[in-house]
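Enquirer: First, the structure itself, so that you have it in front of you.
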Amino acid sequence: MLESIHTANGSAASTAQFRSGRAALACGTPLGHTRDDATPARLDAAEFTEMLEELDTGVIVCSAEGRLELANNAARRELLGGHPLAVDAVGWLCLAPGAQAALPQWQSALRAAALTRRRQMLALSDGPQRLMVSVMPLGQTHPWALVMLGRRQPAPDLAVEMLGSLYALTSAEQRILVGLLAGQRVEAIACERGVTIATLRSQVGSLREKLGAGRLEDLVRLAAGLPPMSSVLRSPPLRTGVMSPDGARAQAS
């Protein structure tokens, strides 16, 4: 008798099917979920776009010259902030005035990714604002560059909130966790919350016990391993002539 494995949707899959799926993933074979011998389902453009929107990692697609074609929710949030990376009124990626020293490296990385399929990482700085970005090749038919933006904080707010629900953190413990992940010292958090350091340390101890973290450093490692879940709040569309996530093209301002 074949052992059964229950999948996320409650259906049972045999061990043989499970191993077959793992083998397909290993050799790069597309997987399609079949039901009653129907044609395997595939992600359509809308579903792929929705997936990008749910990521808290900024994803940008642009040409070798920096013409923006697509930016997901996290990327739009960063571009609207404009430090150090922004987009101009006609849809070209640009660096803030304080980040112009990195312009040659930025332009070279885009060309190298789109035209020679070279991968690079850059540090873009505008005063105290620093953004780590990776620039990679995308596609075989058209010479696109894929730009992925580093996160500004160790963990997305939504993921921290859901972590609190998962481990039954109190509202006070969750606020303390947010402060610790932001790099605040225990003394500063205690002062901000209007409690004694002894009370705050007791709450930190309870927080660590619930999360199974022996040290404060373990909390940071835990946060770094949280899924990149984007906020349910969506950044507004960019007022340029570039492609919006829903496939519509916005008008230049």
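The values are calculated or read from the model by the stated rules, or taken from the named source; none is laboratory data. Bear in mind the structure is a predicted one, so any value in this text is a computation, not a measurement. Glycine gets a Cβ as well: all are built from the backbone with ideal geometry, and neighbour counts include every protein chain shown. Remember, those area values only see protein heavy atoms, side chains included, never the ligands or the DNA or RNA. Shrake-Rupley method; radii C 1.70, N 1.55, O 1.52, S 1.80 Å.
Enquirer: Just to check your reading of the model, which residue among Gly205, Gly194 is more than 23 Å from the chain's Cα centre (by Cα), open to solvent by 50 Å² or more (accessible area, probe 1.4 Å), modelled with pLDDT of 90 or more and over 25 Å from Pro128 (Cβ atoms)?
Expert: One residue alone meets the criteria, Gly194.
Enquirer: Quick check: anything in region 170-186 part of a loop (DSSP other than H, G, I, E, B), touching a Lys or Arg at 6+ places or on another chain (Cβ under 8 Å), exposed (fewer than 15 other Cβ atoms within 10 Å of the Cβ) and on the phi > 0 side of the Ramachandran plot?
Expert: No, there is no match, as no residue in region 170-186 is part of a loop (DSSP other than H, G, I, E, B), touching a Lys or Arg at 6+ places or on another chain (Cβ under 8 Å), exposed (fewer than 15 other Cβ atoms within 10 Å of the Cβ) and on the phi > 0 side of the Ramachandran plot.
Enquirer: Can you tell me how many residues in region 73-104 are among the basic types (Lys, Arg) and buried (at least 21 other Cβ atoms within 10 Å of the Cβ)?
Expert: Of the residues in that region, 1 qualify.
Enquirer: Does region 53-72 hold any residues that are of a type in the set (A, V, I, L, M) and either open to solvent by 50 Å² or more (accessible area, probe 1.4 Å) or under 18 Å from the mean Cα position of the chain (by Cα) (or both), and which are they?
Expert: Leu55, Val59, Ile60, Val61, Leu70, Ala71
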